[in-house]
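Heads up, the thing below is written out as structure tokens.
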Amino acid sequence: MKKIILDITKASSFLKEGAVESYKQQVNDARRSLEEGTCPGNDFLGWLHLPSSVTPEFINEIQSVADTLREKCEVVVVAGIGGSYLGARAVIEALGNSFSWLTGDKKNPMIVFAGNNIGEDYLYELTEYLKDKKFGVINISKSGTTTETALTFRLLKKQCETQRGKDEARDVIVAITDAVKGAARAAATKEGYKTFVIPDNVGGRFSVLTPVGLLPIAIAGFDIKALIQGAADMENATGTDVPFEENPAALYAAVRNALYAQAGKKIEIMVNYQPKLHFMSEWWKQLYGESEGKDGKGIFPASCDFTTDLHSMGQWIQQGERSIFETVLSIEKTNHEVLFPNDEENLDGLNFLAGKRVDEVNKMAELGTRLAHVDGGVPNIRLSVPELNEYYIGQLIYFFEIACGISGNVLGVNPFNQPGVEAYKKNMFALLNKPGYEAESKAIQERLAAEA
């Protein structure tokens, strides 16, 4: 079986000779500290050997619940925020039909994602859409009190029970939550929902290979066994026994840290040439942004969908401030074939493309862009993925996870916490006069009055 291939030649050429190799000891030490559990945040390393520890029995349990919802639902709403939905959405959109939301899918329920915003119009439109649908809900929350998700689940639970009756609703509402504590666990126990556990030692952004991601992916009709196998094979390919020069995650961590520290490259743009990968980039942005952006450090993760964004961001990337580098996700083989047609009038002058595959045109756009950006002073890392299927997406997920753990440790931060995320919540709760936030509410009101 093939594997994804990392090419750093068009990035390392922007560094002094031996710069990447100079990180060998740091990277190897960082990888070893993950393995030995001696790194900062070592209580959140449950993802590290997750792929190789998943049992057939566990996969069967996930698939059994997925089959129940597939049988009883036209639509399944996944209520979760951040890592509780981005991973699943990334996989489903990468593997699914781009127009299933419009045409419907006769084989699989429609998967809708909610609980990731507080948009009133969005929630109104969602509940209106669901009024004539047989729908189920997956509530994903360790605590059950995350504002966006809890608010959405309240609405959907009530609507599901009203439309389907409480007994039937009980069969199509699933809670993925803490093993023993929290509001979501208490509600699930009280109502008798089927539940899966979010492991205590797996943070949200690393949770796609837990029930958080696996259940929605299975409901959407994709092969979670192949997904896990791909991740397990990448786990083996990036182990501590793999030499630095042959370990793609080690090399990725080394070159991006070298570009950051030695070449002043503060922004990494994740680039894809397949629209299906938009949410893979969104998942990657959370993974790296939340893991590395702390203590006044960190590469800023951005993303572009090419060739679309070449017509908006292309000018800045080509000739703007030279503080950026690109990581290009390149898919070698498409799943379908479309030939460019001949036109007798040839008014657009494109008959020179007649008979060529559209993907050949896309590949030349990719190559031409990479050459232009490198010439323009933008280092390029390339990740070559054989094709878009469950196995290779599994490889890609684990590659980015382990490289993130290594890279954060090399950077000198705890890649597994997110203390800065709590700042906005404290202010929001104070402004909403949540019980227990009286002092903060008074302080913020005084501040706003002073600034008025």
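The values are calculated or read from the model by the stated rules, or taken from the named source; none is laboratory data. Predicted model only: the values in this text are computed from it and were never measured. Here the Cβ is made from the backbone with ideal geometry for all residues, glycine too, and neighbour counts use every protein chain on show. These area figures cover heavy atoms from the full protein model, side chains too; ligands, DNA and RNA do not enter into them. Shrake-Rupley method; radii C 1.70, N 1.55, O 1.52, S 1.80 Å.
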Worksheet item: What is the ratio of the Cα radius of gyration of segment 242-289 to 2.2 N^0.38 Å, where N is its residue count, to two decimals?
Response: 1.35
Worksheet item: Over the chain, what is the percentage of antiparallel beta bridges among all DSSP beta bridges, to the nearest 5?
Response: 10 percent
Practice prompt. Give the carbon-plus-sulfur fraction of the accessible surface of the chain in %, rounded to a whole number; probe 1.4 Å, heavy atoms of protein chains only.
Written response: 53 percent
Fill in: Residues listed by number, segment 179-206, amide nitrogen under 16 Å from S64 label point at 7 Å toward C-beta
193-197
Worksheet, complete the sentence: Karplus-derived 3J(HN,Hα) from phi for segment 226-233 (6.51 cos²θ - 1.76 cosθ + 1.60, θ = phi - 60°), whole Hz, x at Gly and Pro, runs 5, 4, 5, 5, x, 5, 5, 5
Discussion item. Please enumerate, by chain and number, the lysines with C-alpha under 16 Å from the C-alpha of K333, excluding those fewer than 8 residues away in the same chain.
Written reply: K2, K3, K276, K356, K363
Practice prompt. Show the residues, 5+ positions off or on another chain, whose built amide H is closer than 5 Å to the amide H of I381.
Written response: E326, T327, V328
Response to the item:
Where a ≥ b ≥ c are root eigenvalues of the Cα gyration tensor, a/c under 1.5 meaning rounded, otherwise prolate if a/b exceeds b/c and oblate otherwise, segment 381-443 counts as prolate
Worksheet item: When only Cα pairs under 8 Å and 6 or more residues apart are kept, what is the percent relative contact order across segment 274-387?
Response: 31 percent
Worksheet item: Taking the Cβ-Cβ separation of F99 and E161 as r and a Förster radius of 22 Å, what is the calculated FRET efficiency to the nearest 0.05?
Response: 0.10
Discussion item. Quick one: 3J(HN,Hα) in Hz for segment 133-139, Karplus 6.51/-1.76/1.60 with θ = phi - 60°, rounded, Gly and Pro as x.
Written reply: 10, 7, 10, x, 9, 10, 9
Worksheet item: Given 0.36 nm per residue, what is the gain on full extension from S384 to A354 after removing their alpha carbon distance, in nm?
Response: 8.1 nm
Worksheet item: For the residue pair R447 and N117, what label-to-label distance in nm results when each label sits 7 Å from Cα along the Cα-to-beta-carbon direction?
Response: 2.6 nm
Item to complete: Let me know the charge dipole size of the chain about its Cα centre in debye, to the nearest 20, where only the beta-carbon of Lys, Arg (+1) and Asp, Glu (-1) is charged.
Response: 980 debye
Worksheet item: What FRET efficiency, computed as 1/(1 + (r/R0)^6) with R0 = 25 Å and r the Cβ-Cβ distance, is obtained for V242 and F300, rounded to the nearest 0.05?
Response: 0.30
Fill in: Accessible surface, 1.4 Å probe, highest first, among residues L151, L347
L347, L151
Item to complete: Quick one: plug the Kirkwood hydrodynamic radius of segment 219-321 (C-alpha pairs) into Stokes-Einstein at 25 °C, 0.890 mPa s, and report D in µm²/s.
Response: 152 µm²/s
Worksheet entry | Label-point gap, in nm, between K181 and E71 - each point 7 angstrom along Cα→Cβ | 3.7 nm
Item to complete: Calculate the spin-label point distance for S52 paired with T189, positioning each point 7 Å from the Cα along the beta-carbon direction, and give it in nanometres.
Response: 3.6 nm
Practice prompt. Using a/c under 1.5 as the rounded threshold, could you call segment 159-222 rounded, prolate or oblate? The axes a ≥ b ≥ c are square roots of the C-alpha gyration tensor eigenvalues, and prolate needs a/b larger than b/c, oblate otherwise.
Written response: oblate
Response to the item:
With a ≥ b ≥ c from the Cα gyration tensor eigenvalues, square-rooted, and the rule rounded for a/c under 1.5, otherwise prolate when a/b > b/c and oblate otherwise, segment 67-197 is rounded
Fill in: Residue order for T327, T308, T55, T147 - accessible surface, 1.4 angstrom probe, largest first
T308, T55, T147, T327
Fill in: Calculated from backbone phi, Karplus (6.51, -1.76, 1.60) coupling profile of segment 140-150 in Hz, x at Gly/Pro
10, 6, 5, 8, x, 10, 4, 3, 4, 6, 5
Worksheet item: How much net charge surrounds F352 when only other residues with a Cβ under 13 Å from its Cβ are counted (Lys, Arg +1; Asp, Glu -1)?
Response: -2
